[in-house]
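Since the structure comes first, as structure tokens, the remarks are kept for the end.
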Amino acid sequence: MAQKRENWGSKVGLILAMAGNAVGLGNFLRFPVQASQNGGGTFMIPYLFAFILLGIPMAWIEWSIGRHGGKYGHGSMPGMLDVLWKSKVAKYLGMFAIFTSTVIIIYYTYIESWSLAFSFFSITKSYFGLESFNMMHSFLTSYQGENTQYFANIWPAYIFMLITFLINFFVLRKGVSKGIEKLALIAMPLLFIFAIVLVIRVFTIGTPDPVNHPDWNVMKGLAFIWEPDFSMLGNAKIWLAAAGQIFFTLSVGMGTLSAYASYLKEKDDIALGAISASFLNEFAEIILGATIAIPVAVAFFGITTTQNIALGGAFNLGFVSLPIIFQNMPYGEIFGFLWFLMLFLAGITSSVAMAQPIISFLEEQFGLSKNKATAIVGALIFIGINLVVVFFQYGFLDEMDYWSGTFALVIVALIEVIIYAWIFGMDKGWKEINKGAEIKIPKIFYYVIKYITPFYLLAILISWTIQDAIPIFLMQNIPAEEIPYRWLSRGFMILIAVGILFLIHFAWKRNEGKDTFKLDYDEDKGEIK
Amino acid sequence: MSISGWIFMIFSWAAIISIMVYTFAKVLKSSNKDSKQQNNDDTGNIIEKK
């Protein structure tokens, strides 16, 4: 018997939810760090190329796979790939998408909770007075449980994690229209307002110390981001870093865009929708994300120190350096509060999306109610987050982040593009993307999707395998005390992957010959019977 | 910032903002059209029932 699937309440709600899915911590933390580490203005050129040749095509593919799968009642990748490719293997390949989103949400929720905690610490001025990098770094690591200098134990971090986890699952339990869409309708406008307020503040900072450092100013910071050095364009590393950033920022390779798109109606536009959501994300990244962290850091610390901060990573920039700046500006507690709350909003609109594929999978393949499916996923994720909190200092999270949040994303995207453009067929795929479209997509994208996007992905996969995956797999340069915990992290991820494979196998056996969703879709009329 | 930096920044910002506003306005317009259609359908149903 066919089950009625939810639909989005409005097109605006859908676009904001999709944009919320894409706009995450990476827009405000990872992007400035990547730009800074890869030549500043030079990075922007390959970044924009990758957006057009990799990002937009992948967004169209994921939206299209999702809407197509949704009409057969599938909200997760195993079912979606199964209807695209009549092969016994297809559904098992869908495991990778559920795996990435499920593992990422486990550690992402914890990082998201730091933003909530630091917004509280900002407004209460808890870290005010800690004006050196070392002190602020100790404050962060103490909060994470690595030392007891500022926090006697891990409980504050645990409580904020618990609050974040409960908010996420409260939203998810409400469902797509009443939960995720409502959250996006509130959180996304707020996020943009907070970010615009921060950008205005950055532009009005000028030169904070004109006597001692007259050349440390916001304009220098903007110049660092936007002045390209054309001689560096031949560096392949910059092109790969830019392509990698496009991946993260648009949330492709996780199956979350497809999961959201599965709730579209058959004739709903995806060509315009994907572009609109992608450009909202780019507005958040290139205009807002690029204008806050790096320019303000250059104004307060100069270019050389800012580059060193960026080398220390995204958390070093967002949770150590910026709080020092907030302490040195009037009403810094308010701007700090806005900055971290903005990160929290960016995080939560993404994390709810990550839980959606596995919840849909359990609902649709095992006939579970929304409440039951959400409770089971919640329990699994809760166990995972506890492991992340307890073993954080031993690299447990880093290991998960690399294999699921970096490497597996490219694998998922490559699987999607090959099945979509080469097995399902680009002719059918092109029709699918253009069905109900309110804009005309230039035909050149037919060839971009078929040839250039897979080539781009293959290049990223090969280079990441050689540069990073092999050394990371062999645990080169990893302190000896971390090795057992990193293996524990790997074991946990393998357990999740095998568990999902088993569930896929069991679900298809269970539904064999049953009156499944597939049978209820009328291909001729293009509607559910 | 050098002239090339300014040109690159202004061109990128203008392109992103104009495409974002254009596509989002198109979505809004289409969303309004859908809700009008929905209202008309609902009114039609009520009249038919009466």
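No lab work stands behind these numbers, since they all come straight from the coordinates. Quick caveat: nothing in here was measured; it's all calculated off a predicted structure. Cβ coordinates were reconstructed from backbone atoms using ideal geometry, including for glycine residues, and neighbour counts include every protein chain displayed.
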Span from the the range A:3-55 Cα centroid across to the the range A:122-195 one, whole angstrom: 21 Å
Long-range amide H partners of residue A:146 with built H, under 5 Å: none
Among A:356, A:132, A:280 - extreme Cα towards positive end, dipole of the protein assembly as shown, charges at beta-carbon: A:356
Angle in degrees between helix A:56-70 and the longest Cα principal axis of chain A, rounded to the nearest 10: 40 degrees
For the range A:134-286, convex hull of alpha carbons as volume per residue, Å³: 207 Å³
Net length gained if the chain between residue A:366 and residue A:383 were fully extended (0.36 nm per residue, minus Cα distance): 3.9 nm
Angle in degrees between helix A:236-249 and the longest Cα principal axis of chain A, rounded to the nearest 10: 70 degrees
Area projected by the alpha carbon convex hull of the range A:1-134, averaged over all directions, nm²: 13.1 nm²
Assigned charges on the beta-carbon of Lys, Arg, Asp, Glu; the protein assembly as shown dipole about Cα centre (debye): 1540 debye
P(r) of chain A over all Cα-Cα pairs, binned every 10 Å from zero, in whole percent: 4, 19, 30, 27, 14, 5, 1, 0
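As a footprinting exposure proxy, order A:68, A:137 by other Cβ within 10 Å, with the fewest listed first. Spell out each step's value before the answer.
On the way: A:68 26, A:137 17.
Fewest-to-most Cβ neighbours within 10 Å comes out as A:137, A:68.
Going by how many other beta carbons lie within 10 Å of each one, how would you line up A:488, A:397, fewest first?
Working: A:488 15, A:397 22.
Least crowded to most crowded, the residues run A:488, A:397.
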Karplus 3J(HN,Hα) series, Hz, for the range A:227-234 with 6.51 cos²θ - 1.76 cosθ + 1.60 (x for Gly, Pro): 7, x, 10, 4, 5, 8, 5, x
Set of the range A:6-31 residues, backbone N closer than 19 Å to the point 7 Å along the Cα-Cβ line of residue A:439: A:11-23
Between the range A:278-347 and the range A:438-471, the Cα center-to-center distance that results, in Å: 30 Å
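Based only on other Cβ atoms within 10 Å, what is the fewest-to-most ordering of A:36, B:18? Walk me through the numbers before you get to the answer.
Details: A:36 25, B:18 11.
With the fewest neighbours first, A:36, B:18 line up as B:18, A:36.
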Residue-wise HN-Hα coupling along the range A:169-185, computed from phi with Karplus coefficients 6.51, -1.76, 1.60 (Hz; x: Gly, Pro): 7, 5, 5, 4, 5, 6, x, 6, 6, 7, x, 5, 5, 4, 4, 5, 5
Extent along principal axes [Cα atoms of the range A:227-334; Å; largest to smallest]: 53, 42, 22
Chain A: calculated mean residue ellipticity at 222 nm from DSSP helix runs of at least 4, using -39500 (n - 2.57): -21000 deg cm²/dmol
Furthest towards positive pole of dipole, A:479, A:406, A:319, structure part chain A, Cβ charges: A:406
Farthest positive-ward along the protein assembly as shown dipole, Cα basis, beta-carbon charges - from A:96, A:35, A:461: A:96
Coil-residue trypsin sites (Lys or Arg not before Pro) of the range A:11-95, DSSP, other Cβ within 10 Å capped at 10: A:86, A:88
Average beta carbon contacts from partner chains per residue of A:279-289, 10 Å cutoff: 4
